[in-house]
1. Working only with C-alpha atoms, what are the Rg and Dmax values of the range 125-167, expressed in angstrom?
2. Could you calculate, for the chain, the ratio of the Cα radius of gyration to the Kirkwood radius, expressed as Rg to Rh?
3. So what is the relative contact order for the chain, in percent, with contacts set as C-alpha pairs under 8 Å and at least six apart?
4. Whenever you get a sec, compute what percent of the accessible area on the chain sits on carbon and sulfur atoms (1.4 Å probe).
5. What number, in nm² with one decimal, is the all-direction average of the projected area of the convex hull of the alpha-carbon atoms of the range 99-147?
6. Where does the longest stretch of the chain lie that holds no GluC sites (Glu not before Pro) found in a DSSP loop with 10 or fewer other Cβ atoms within 10 Å?
7. If I take R0 = 35 Å and measure r between the Cβ atoms of residue 147 and residue 98 in this structure, what FRET efficiency does the formula 1/(1 + (r/R0)^6) give, to the nearest 0.05?
8. To the nearest 10 degrees, how steeply does helix 72-93 sit against the main Cα axis of the chain, on a 0 to 90 scale?
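The values are calculated or read from the model by the stated rules, or taken from the named source; none is laboratory data. These numbers come from a predicted model, not from an experiment. Note: ideal-geometry Cβ built from the backbone for every residue, glycine included; neighbour counts use all protein chains shown. Quick note on the areas: whole protein, heavy atoms, side chains included, nothing else; ligands and nucleic acids left out. Shrake-Rupley method; radii C 1.70, N 1.55, O 1.52, S 1.80 Å.
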Amino acid sequence: MREAARRIANEDIEVFPMTAIRAKIGDSVRFSKTVGESDIYLFAGLTGDLSQNHVDDEFMSHSIYGKRIAHGALMVGFMSTASTRMIEDSLRQGIDSTPVSLGYDGIRFLKPVYINDTVTVTYTISEVDAERRRTLANVEVKNQHGDIVAVGKHHLKWTLNAKERAA
(Lines give C-alpha, C1' and ligand atoms only; values in the text may rest on other atoms or scores of the structure.)
Protein backbone atom coordinates (compact mmCIF):
# COMPACT_ATOMS: atom_id res chain seq x y z
CA MET A 1 0.00 0.00 0.00
CA ARG A 2 2.91 2.34 0.64
CA GLU A 3 3.78 2.36 -3.07
CA ALA A 4 0.46 4.13 -3.62
CA ALA A 5 1.58 6.93 -1.33
CA ARG A 6 2.78 10.20 -2.78
CA ARG A 7 4.65 13.12 -1.30
CA ILE A 8 3.15 16.61 -1.37
CA ALA A 9 5.66 19.32 -2.32
CA ASN A 10 8.69 19.14 -0.05
CA GLU A 11 6.72 18.20 3.06
CA ASP A 12 7.14 14.93 4.93
CA ILE A 13 3.40 14.23 4.80
CA GLU A 14 2.30 11.06 3.05
CA VAL A 15 -1.16 10.94 1.49
CA PHE A 16 -2.78 7.58 0.86
CA PRO A 17 -5.82 6.84 -1.24
CA MET A 18 -8.73 6.25 1.15
CA THR A 19 -9.97 2.72 1.66
CA ALA A 20 -12.13 0.99 4.25
CA ILE A 21 -9.52 -1.46 5.54
CA ARG A 22 -5.76 -0.95 5.80
CA ALA A 23 -5.06 -4.35 7.33
CA LYS A 24 -3.97 -7.46 5.50
CA ILE A 25 -3.35 -11.04 6.51
CA GLY A 26 -0.14 -11.25 8.49
CA ASP A 27 -0.15 -7.64 9.73
CA SER A 28 0.85 -7.70 13.38
CA VAL A 29 1.26 -5.35 16.33
CA ARG A 30 2.50 -5.84 19.89
CA PHE A 31 1.79 -4.34 23.27
CA SER A 32 3.82 -5.01 26.44
CA LYS A 33 3.07 -4.14 30.05
CA THR A 34 4.39 -5.12 33.44
CA VAL A 35 1.40 -5.98 35.62
CA GLY A 36 1.67 -4.07 38.87
CA GLU A 37 -0.23 -4.54 42.09
CA SER A 38 -1.94 -1.21 41.43
CA ASP A 39 -3.21 -2.51 38.06
CA ILE A 40 -4.91 -5.39 39.83
CA TYR A 41 -6.45 -3.24 42.57
CA LEU A 42 -7.62 -0.56 40.13
CA PHE A 43 -9.16 -3.20 37.87
CA ALA A 44 -10.81 -4.88 40.86
CA GLY A 45 -12.24 -1.53 41.94
CA LEU A 46 -13.50 -0.64 38.47
CA THR A 47 -15.16 -3.99 37.86
CA GLY A 48 -16.16 -4.94 41.40
CA ASP A 49 -14.29 -8.24 40.98
CA LEU A 50 -12.68 -8.46 44.40
CA SER A 51 -12.17 -12.22 44.23
CA GLN A 52 -9.69 -13.52 46.78
CA ASN A 53 -7.68 -14.87 43.83
CA HIS A 54 -6.68 -11.30 43.06
CA VAL A 55 -6.64 -9.42 46.38
CA ASP A 56 -5.95 -11.88 49.23
CA ASP A 57 -2.33 -13.00 49.74
CA GLU A 58 -3.16 -15.37 52.59
CA PHE A 59 -5.97 -17.09 50.69
CA MET A 60 -3.81 -17.61 47.62
CA SER A 61 -0.79 -18.78 49.62
CA HIS A 62 -2.63 -22.10 50.10
CA SER A 63 -3.50 -22.48 46.41
CA ILE A 64 -1.46 -24.24 43.73
CA TYR A 65 -0.44 -20.76 42.53
CA GLY A 66 1.06 -19.73 45.86
CA LYS A 67 0.29 -16.07 45.36
CA ARG A 68 -2.26 -13.67 43.89
CA ILE A 69 -2.99 -13.76 40.15
CA ALA A 70 -4.15 -11.05 37.76
CA HIS A 71 -7.71 -11.02 36.45
CA GLY A 72 -8.19 -12.86 33.16
CA ALA A 73 -10.41 -10.01 32.04
CA LEU A 74 -7.43 -7.67 32.53
CA MET A 75 -5.61 -9.73 29.89
CA VAL A 76 -8.60 -9.22 27.57
CA GLY A 77 -8.23 -5.49 28.21
CA PHE A 78 -4.61 -5.74 27.07
CA MET A 79 -5.82 -7.61 23.97
CA SER A 80 -8.09 -4.66 23.29
CA THR A 81 -5.11 -2.30 23.61
CA ALA A 82 -3.30 -4.30 20.93
CA SER A 83 -6.34 -4.09 18.63
CA THR A 84 -6.35 -0.32 19.16
CA ARG A 85 -2.74 -0.21 17.98
CA MET A 86 -3.74 -2.08 14.81
CA ILE A 87 -6.56 0.41 14.25
CA GLU A 88 -4.19 3.36 14.85
CA ASP A 89 -1.84 1.97 12.18
CA SER A 90 -4.75 1.92 9.72
CA LEU A 91 -5.86 5.43 10.67
CA ARG A 92 -2.34 6.76 10.03
CA GLN A 93 -2.49 5.27 6.53
CA GLY A 94 -5.88 6.85 5.82
CA ILE A 95 -9.14 4.94 5.96
CA ASP A 96 -12.71 5.97 5.23
CA SER A 97 -14.17 3.80 7.97
CA THR A 98 -14.45 3.57 11.73
CA PRO A 99 -13.28 0.20 13.05
CA VAL A 100 -15.32 -1.21 15.95
CA SER A 101 -14.97 -4.43 17.89
CA LEU A 102 -17.53 -7.16 17.29
CA GLY A 103 -16.09 -9.21 20.14
CA TYR A 104 -13.72 -11.98 21.09
CA ASP A 105 -14.00 -15.73 20.61
CA GLY A 106 -12.10 -18.62 22.10
CA ILE A 107 -10.60 -16.68 25.00
CA ARG A 108 -8.53 -19.06 27.10
CA PHE A 109 -6.38 -18.33 30.13
CA LEU A 110 -3.66 -20.96 29.93
CA LYS A 111 -1.31 -19.94 32.74
CA PRO A 112 -1.49 -17.49 35.63
CA VAL A 113 -0.20 -13.94 35.40
CA TYR A 114 1.39 -12.76 38.63
CA ILE A 115 2.14 -9.32 40.00
CA ASN A 116 5.33 -8.00 38.32
CA ASP A 117 5.02 -10.33 35.30
CA THR A 118 5.58 -8.57 32.00
CA VAL A 119 3.09 -9.65 29.37
CA THR A 120 3.36 -9.10 25.63
CA VAL A 121 0.26 -9.24 23.48
CA THR A 122 0.72 -10.10 19.81
CA TYR A 123 -2.25 -9.24 17.59
CA THR A 124 -2.07 -10.71 14.07
CA ILE A 125 -4.63 -10.36 11.28
CA SER A 126 -5.57 -13.87 10.14
CA GLU A 127 -8.57 -13.18 7.86
CA VAL A 128 -9.84 -10.22 5.82
CA ASP A 129 -13.38 -10.15 4.44
CA ALA A 130 -13.33 -6.94 2.37
CA GLU A 131 -16.90 -7.41 1.12
CA ARG A 132 -18.30 -7.53 4.67
CA ARG A 133 -15.66 -5.06 5.94
CA ARG A 134 -14.45 -7.42 8.65
CA THR A 135 -11.16 -8.75 9.91
CA LEU A 136 -10.32 -11.59 12.27
CA ALA A 137 -7.15 -11.58 14.33
CA ASN A 138 -5.36 -14.18 16.40
CA VAL A 139 -4.33 -12.75 19.76
CA GLU A 140 -1.66 -14.29 21.94
CA VAL A 141 -0.40 -13.14 25.34
CA LYS A 142 3.00 -14.33 26.59
CA ASN A 143 4.79 -13.66 29.84
CA GLN A 144 8.43 -12.63 30.20
CA HIS A 145 9.49 -16.30 30.06
CA GLY A 146 7.84 -16.79 26.67
CA ASP A 147 5.00 -18.88 28.12
CA ILE A 148 1.63 -18.40 26.44
CA VAL A 149 -0.70 -17.23 29.21
CA ALA A 150 -3.81 -16.33 27.17
CA VAL A 151 -5.17 -16.62 23.63
CA GLY A 152 -8.22 -15.54 21.69
CA LYS A 153 -9.62 -14.34 18.39
CA HIS A 154 -10.84 -10.80 17.76
CA HIS A 155 -13.46 -9.69 15.25
CA LEU A 156 -13.35 -6.13 13.89
CA LYS A 157 -15.95 -4.46 11.68
CA TRP A 158 -14.75 -1.51 9.60
CA THR A 159 -17.97 0.57 9.49
CA LEU A 160 -18.58 3.19 6.82
CA ASN A 161 -18.19 6.74 8.02
CA ALA A 162 -21.35 8.87 7.97
CA LYS A 163 -20.14 11.05 5.09
CA GLU A 164 -19.38 7.91 3.04
CA ARG A 165 -22.89 6.51 3.65
CA ALA A 166 -24.52 9.76 2.51
CA ALA A 167 -22.63 9.79 -0.80
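1. Values for the range 125-167 (Cα only, Rg and Dmax): 15.7, 52 Å.
2. My calculation puts Rg/Rh at 1.09.
3. Across the chain, relative contact order equals 27 percent.
4. C and S atoms contribute 51 percent here.
5. For the range 99-147, averaging the hull's shadow over all directions gives 4.3 nm².
6. 12-130
7. 0.45
8. That helix lies at roughly 20 degrees to the long axis.
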